[in-house]
Amino acid sequence: MPLSRMLGVVSRTTLLPSQAARHAPLAILPNGVLIRSALIAAISSKRLLLLPSLKLLSFFSKPDRGFMLHPEKNPFIHVLLKKTFYNQFCAGETRAQAKQCVKALKDLGFKGVILTYARETVFDNDSKSGNMQGVEEVEDKEATSSKASFCPSIEEWRVGTLKTIELIAEGDMLALKMTGAGSKVTAAFVAEQTVPQQFLDALDEICAACKARSIRIIVDGESQHFQKGIAATTLQLMNRFNRDGSAIIFNTYQAYLKHTPKVIAEHLEVASQEGFTLGLKLVRGAYMLSDDRSLIHDTKQETDDAYNHITT
């Protein structure tokens, strides 16, 4: 028997239990995290469970609920939602909680994390309406006026995003949701017009801060109602910051959309002509319940085939 094979047998048979545990990918996760993840995955993968759950969460999110149905006032509902859905997807409600979450993930062995300022506008194709997620909407006539040069929503988004950057370090990634900047920005996206200068200045500040600290930026894919404008703005940022053969800014492309291969080809051509590096993040997609269904592949297999084709 070859010596190398003998050593392999010995090493396998003499591992201590603690050493063997390190070879099981999920062994490092706390039991609570495993159970919570299994629960969320089970609900998310079953349409009969997912749709009622989303409606229930939407119901609880309305600010006009009484004591018994208000997540911030009813301690039972608060704990239930906080320990399940919230902790699965959110780093924390405060700076300290978010920092602790990032530290806990890195203590598990992850080399980096992706953090986002969780504020976005989701457009529902059925109702033809947009809904800001992550903040309570406040009616501000000056902010929504086309004549106003300063937009509080853009400023809040800028400050919140910069504070998010402070929670991560070199090797981490910032996920950017551009629609979180509010109605002035989303209106420009829909009309495929230039976004407000205040927003462009905020993006420059955010990108410069990330580049200085070796933090890469992922511009999230969002509702298709806004996506053309998001992509155009992202290409402008890449043209400025993705130079010298490297990329710090990445655009997200959703493989479940029928036109994605064509869009990627067009963006690659633009990058080649303009001399910058195209940062590309490929996902399958996440807005099936709210986007125009005709834009999306009919089956998951078609989505998988498109994904595999793009990556080859």
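I need every pair where a residue in the range 256-271 that is in contact (Cβ under 8 Å) with a residue 24 or more places away in the chain and assigned by TED's automatic domain parsing to the domain that holds Asn242 has its Cβ under 8 Å from the Cβ of a residue that is among the basic types (Lys, Arg) and outside any helix (DSSP H, G or I), sequence separation at least 6 or different chains. Pairs found: Tyr256/Arg284. Of the residues Leu39, Leu7, Leu48, the single one that is at pLDDT below 75 and hydrophobic (A, V, I, L, M, F, W, C) is Leu7. Candidates in the range 56-111 are the residues that are β-branched (Val, Ile, Thr) and part of a helix (DSSP H, G or I); of these, the one that is surrounded by the most Cβ atoms within 10 Å (Cβ to Cβ) is Val102. The residue that is nearest to Ile215 (Cα to Cα), counting only those in the range 107-121 that are of a type in the set (A, V, I, L, M, F, W, C) and over 13 Å from the mean Cα position of the chain (by Cα), is Phe110.
From the list Gly171, Gly221, pick out the single residue that is surrounded by fewer than 20 Cβ atoms within 10 Å (Cβ to Cβ) and modelled with pLDDT under 95. It would help to see each step written out before you state the result.
Working: Gly221 fails: surrounded by fewer than 20 Cβ atoms within 10 Å (Cβ to Cβ).
One residue alone meets the criteria, Gly171.
Could you tell me how many of the residues in the range 240-275 are outside any helix (DSSP H, G or I) and either aromatic (Phe, Trp, Tyr) or under 18 Å from the mean Cα position of the chain (by Cα) (or both)?
Here the count works out to 10.
Does the range 289-312 hold any residues that are part of a loop (DSSP other than H, G, I, E, B) and either within 26 Å of Pro52 (Cβ to Cβ) or not polar (S, T, N, Q) (or both), and which are they?
Step one: list which residues in the range 289-312 are part of a loop (DSSP other than H, G, I, E, B), which gives 289-292, 297-299, 312.
Those that are part of a loop (DSSP other than H, G, I, E, B) and either within 26 Å of Pro52 (Cβ to Cβ) or not polar (S, T, N, Q) (or both): Leu289, Ser290, Asp291, Asp292, His297, Asp298, Thr299.
Yes or no: the range 253-261 includes at least one residue that is under 23 Å from Thr194 (Cα atoms) and hydrophobic (A, V, I, L, M, F, W, C). So far as the range 253-261 goes, no, none of its residues is under 23 Å from Thr194 (Cα atoms) and hydrophobic (A, V, I, L, M, F, W, C).
Given the range 141-236, what helices (runs of 4 or more DSSP H) lie entirely inside it while holding 2 or more residues that are more than 22 Å from Val122 (Cβ to Cβ), in the same structural domain as Leu257 (by TED's automatic domain parsing) and touching a Leu at 6+ places or on another chain (Cβ under 7 Å)? Can you show your working first?
Working: elements: 141-144, 152-165, 183-191, 197-212.
In the range 141-236, the matching helices (runs of 4 or more DSSP H) lie at 197-212.
Which residue is surrounded by the most Cβ atoms within 10 Å (Cβ to Cβ), if the candidates are limited to the range 244-292 and must be within 30 Å of Ser58 (Cβ to Cβ) and among the charged types (D, E, K, R)?
First pass over the range 244-292, keeping only residues within 30 Å of Ser58 (Cβ to Cβ): 251-260, 281-292.
Those still in the list that are among the charged types (D, E, K, R) too: 258, 281, 284, 291-292.
Numbers: Lys258: 15, Lys281: 16, Arg284: 15, Asp291: 23, Asp292: 14.
The qualifying residue surrounded by the most Cβ atoms within 10 Å (Cβ to Cβ) is Asp291.
The residues of the range 163-210 that are over 27 Å from Ala91 (Cβ atoms) and β-branched (Val, Ile, Thr), listed by number, are Val190, Thr194, Val195.
State whether the residues of the range 277-287 include one that is closer than 27 Å to Asp172 by Cβ, of a type in the set (Lys, Arg) and in contact (Cβ under 8 Å) with a residue 40 or more places away in the chain. Yes, the range 277-287 has at least one match.
The values are calculated or read from the model by the stated rules, or taken from the named source; none is laboratory data. Since we're looking at a predicted model, the values are computed, not measured. A quick note on method: Cβ atoms are made from the backbone with ideal geometry, for glycine too, and the neighbour counts reach across all protein chains shown.
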